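The values are calculated or read from the model by the stated rules, or taken from the named source; none is laboratory data. Given the structure is predicted, the values throughout are model-derived calculations rather than measurements. Glycine gets a Cβ as well: all are built from the backbone with ideal geometry, and neighbour counts include every protein chain shown.
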Amino acid sequence: MAFSFANPAGTGSVTGAQTNTGPDLELIETEGLGFLSIAGDTKLRLLPSPWPNDALPPPTVSLFAVASGKGLIAAAGPDTLVIATTESVRRAFAAEGPKANNVKAFTPQATLPIPRVSQVAFSSDESSLVIAAETGGGLAVYDVQSIMQGNKEPAFQLGTNGIAVRALIPNPATDAAHFFSIVLTGGQLMLANLKERQLVNGANGPVLKEGVSCIAWSNRGKQLVAGLGNGTAYQMDPQGVGKADIPKPPQVEGEQHVSSIFWLANDDFLVIHTPMSSTEPDRAPDSTYNLVHREKGTSNYSFHKLQDPCPPFGMNRSPPHHFICRLKDFPPSLDDMLIISSTASPDVGLFTRSGTPLASNLPADQISNTYTTTTPAIDSRRAGLPVTEEMTDTSPIGMALDLSSKEKVPRPIQGNDLEETSTPLPALMLLNNEGVLSSWWVVYSQSVMSNTAYPGLVATGGARQVTAFGGSASSALSSSLGNPTPVPNAFGGGAFAKPAAPSFGSAGAPGFGGASLLGGKPSPWSTPAATANSAQAAGAAFGRPSFGVSSPLAASSGNAFGAVGGLGNRASPWASSTSSQQASNTTNPFGRAPAAASPFAKLGGENKPAVSPFASLGGENKPPASPFANMGGSTPAASPFAGLGSTQPAASPFAGLGANKAPPSSPFAGLGQQTSKPFGTTPQQSFGSTVDLGSSIGGSFGAPSTIGSRSPWATPSANATPAQGSASMFGKPSLPSTSHRGSLALG
């Protein structure tokens, strides 16, 4: 598919910046690093149904996540959210049983019925699980502890005005875990505050930056770097205040957007550029990888090209999107390892930086203390996607590291007599479009031989075990009562922690999506899919308008968001109503709402036009009932996770935010209370409004909390250990990053 940015925001050059093209970085092969399949050729069918080939999700989706501290995985299929323990997954890989095409069946602990989603992410403190709707946008936020007790309802919802979500990136700092950065398919960067249950205002309103294609947090979660559609990048604080403009690499020619970005260190970034069109219609375009280094305290940038570790020779899901997982400071000498997969490649690649050379065929000073593209020399120690039964390529829809294993790994080094490792190893998990999960141990031979462990492993105390599994334990988040209240600003004051202005939402408007009121013009990045067959194109296409075209969300002429709406016309599947919704007679400053009905409205009853969370400023707007309201049944479900570990209550993940002051309220405030009123019969918080969603009435979506329920069939884990929790103070180094969702940079 061809892409055109009609009026890019700039040409890729940055005023005042000095650029220098440095030497390309080396490609090496090594026997000292590789992947060992957990169970030979065996894979698991994690999802109950595959994503249909004629309606694949957009390349930018991320539908698989791991919470190592809790030992949980979450994955999304076309109509199901799967929740399982990492231990049960490892056991299933190792267990005897029938398999077809080397794929074994798997039964997860929980399945939640959902519409098609585009993002699945745990918060960095693992207290929240957030999903985003593929059609119409909107976030559904689940209390992880509540899910583990059998509750299948989201705790609350946030609308994105009918605009789909391109990226959903949690803040990596555990004491700021309630902040998620959101990139919409229209290129708007926003910030969600789960504790306040709304968007927050930056210095210039809720839209922190326009024309954004991808985003990464710094290690401490205090700054962000946004990749832009014109090929440059923009470093800023969470208020949207610019700190640096990073120019486009001189060797990147033509119209190429930043398709992925990763913040490596204070002045180092991995930036991936991808053309907006391919010269070959049946093949995805090649991406260009650059290590960008900034001379400290200056605007002088050098660019070093890295060889593509996963070239686009697989399924053509264009433009390619990349998943990046990170293992940092792996003793004794592996300073950094970035694991890369691409939606257009069957291969999994590596970038590494080691204090001692990993290969001997090049001078040590060329491959030590610098990044290289690194390939395992032994073919059987390379990771890659499985093919289908028809021997065709598959494509990743999510990748994550699992650090929860407590097992020693047998025969870790090929050709060595070592019987087993002295410590557990990190595991890489990769989910493809068929719903098949592959997993490998990450084997760093020098570490194995020196009996050292990766410090981020749960078994070595590197990852927090923040809560107990099942039983009568109650989540600190779930048990907190009352409405969301203002808390001390975790980022040192300023506009960052302010709720979005009331004019950016309305009292009582549905909080989760709704028909877009910004006109019927397609998103600058995607055209609405007319049928399920066009779902992939709808999400993948950036569309005709430029990344840099001013968004109607920020325009000041005409209505409040500009005269021409261009941000989609689909209703969120979570904005449908079971009752009529009355629009105010007040003139809407955000444009006219198309009467788009949710395709999932029948889940909750009569299909009615959805009301936008922006509709009816100051006017009455009756909240809709959730289409999920009765999907969990009328009686509390028994927890599938009951008895899997300690019953010690967890410490609040927000403990320590603002010492000597009242503790901040939980994003799940009130979930511990029971109520006979269905969720939605009290005013809900609109997208960006200051109205409390759910107020203090307790359980979400009409289902009382099931915390305390115990499964009649679950058995305690043999490896269960008491939960351990520690609240990190803001500003201290966070846990080792393992995902593209947050880097280990300082700042």
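Scanning the range 185-226 for residues that are of a type in the set (Gly, Ala, Ser) and within 23 Å of ALA133 (Cα to Cα) yields GLY186, GLY187, ALA192, GLY211, SER213, ALA216, ALA226.
Within the set SER278, SER302, the sole residue that is more than 21 Å from ASN369 (Cβ to Cβ) and hydroxyl-bearing (Ser, Thr, Tyr) turns out to be SER278. Of everything in the range 155-166 that is more than 15 Å from GLN198 (Cα to Cα) and modelled with pLDDT of 95 or more, the residue that is surrounded by the fewest Cβ atoms within 10 Å (Cβ to Cβ) is VAL165.
Of all the criteria given as (1) farther than 28 Å from ASP336 by Cβ; (2) of a type in the set (Gly, Ala, Ser); (3) at pLDDT 95 or above, the one not satisfied by ALA265 is (1). Within the range 303-324, being among the aliphatic types (A, V, I, L, M) and touching a strand residue (DSSP E or B) at 6+ places or on another chain (Cβ under 7 Å) holds for LEU306, ILE324. Contact map, the range 456-468: first residue under 13 Å from LEU72 (Cβ atoms) and polar (S, T, N, Q), second residue crowded, with 24+ Cβ neighbours inside 10 Å and at pLDDT 60 or above, Cβ cut-off under 6 Å, separation 6 or more or different chains; pairs are GLN465/GLY69; THR467/GLN145. Within the range 92-106, not a single residue is modelled with pLDDT of 95 or more, assigned to a strand (DSSP E or B), β-branched (Val, Ile, Thr) and within 14 Å of GLY398 (Cβ to Cβ). Is there a residue being in a strand (DSSP E or B), in contact with an Asp or Glu (Cβ under 8 Å, 6 or more places away or on another chain), farther than 28 Å from THR60 by Cβ and among the hydroxyl-bearing types (Ser, Thr, Tyr) anywhere in the range 352-364? Within the range 352-364, one or more residues are in a strand (DSSP E or B), in contact with an Asp or Glu (Cβ under 8 Å, 6 or more places away or on another chain), farther than 28 Å from THR60 by Cβ and among the hydroxyl-bearing types (Ser, Thr, Tyr).
Residues that are under 23 Å from PRO331 (Cβ atoms), among the hydroxyl-bearing types (Ser, Thr, Tyr) and buried (at least 16 other Cβ atoms within 10 Å of the Cβ) within the range 378-427 comprise SER404, SER405, THR421, THR423, listed in sequence order. In the condition set (1) more than 20 Å from the chain's Cα centre (by Cα); (2) over 30 Å from GLY22 (Cα atoms); (3) assigned to a loop (DSSP other than H, G, I, E, B), SER404 is compliant with all but (1).
Consider the range 53-96 and keep the residues that are in contact (Cβ under 8 Å) with a residue 12 or more places away in the chain and basic (Lys, Arg). The one that is farthest from LYS152 (Cα to Cα) is ARG90. Taking the range 137-177 as the range and being in a loop (DSSP other than H, G, I, E, B), over 14 Å from GLU126 (Cβ atoms) and not polar (S, T, N, Q) as the test, the residues that pass are GLY137, GLY138, GLY150, LYS152, GLU153, PRO154, ALA155, GLY159, GLY162, ILE163, ALA164.
Let's see how each residue does on (1) closer than 22 Å to ASP402 by Cα; (2) touching a Phe, Trp or Tyr at 6+ places or on another chain (Cβ under 8 Å):
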{"position": "GLN307", "(1), (2)": "no, yes"}
{"position": "PRO320", "(1), (2)": "no, no"}
{"position": "CYS325", "(1), (2)": "yes, no"}
{"position": "LYS328", "(1), (2)": "yes, no"}
{"position": "ASP335", "(1), (2)": "yes, no"}
{"position": "PRO346", "(1), (2)": "yes, yes"}
{"position": "ARG353", "(1), (2)": "yes, yes"}
{"position": "SER368", "(1), (2)": "no, no"}
{"position": "GLY384", "(1), (2)": "yes, no"}
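Between SER333, SER299, SER277, the distinction of being surrounded by fewer than 21 Cβ atoms within 10 Å (Cβ to Cβ), under 24 Å from LEU425 (Cα atoms) and hydroxyl-bearing (Ser, Thr, Tyr) belongs to SER333 only. Condition check: closer than 28 Å to GLU153 by Cβ, without any contact (Cβ under 8 Å) to a residue 12 or more places away in the chain and not charged (D, E, K, R). Does THR107 satisfy that? Here the answer is yes, as THR107 does meet what is asked. Looking at the range 415-452 only, could you name the residues that are more than 27 Å from the chain's Cα centre (by Cα) and free of Cβ contacts under 8 Å to residues at least 40 places away in the same chain? Hits for the range 415-452 are GLY415, ASN416, ASP417, LEU418, GLU419, GLU420, THR421, SER422, THR423, VAL448, MET449, ASN451.
May I ask you to verify whether GLN119 is out of contact with any helix residue (DSSP H, G or I) (no Cβ under 9 Å at 6 or more places or on another chain), touching a residue at least 12 places away in the same chain (Cβ under 8 Å), polar (S, T, N, Q) and more than 18 Å from LEU72 (Cα to Cα)? Against the criterion (out of contact with any helix residue (DSSP H, G or I) (no Cβ under 9 Å at 6 or more places or on another chain), touching a residue at least 12 places away in the same chain (Cβ under 8 Å), polar (S, T, N, Q) and more than 18 Å from LEU72 (Cα to Cα)), GLN119 does not qualify. Could you tell me whether LYS248 is surrounded by 16 or more Cβ atoms within 10 Å (Cβ to Cβ) and in a loop (DSSP other than H, G, I, E, B)? Spelling it out, LYS248 is indeed surrounded by 16 or more Cβ atoms within 10 Å (Cβ to Cβ) and in a loop (DSSP other than H, G, I, E, B). Being in contact (Cβ under 8 Å) with a residue 12 or more places away in the chain, more than 27 Å from ILE169 (Cβ to Cβ) and hydroxyl-bearing (Ser, Thr, Tyr) is true of THR298.
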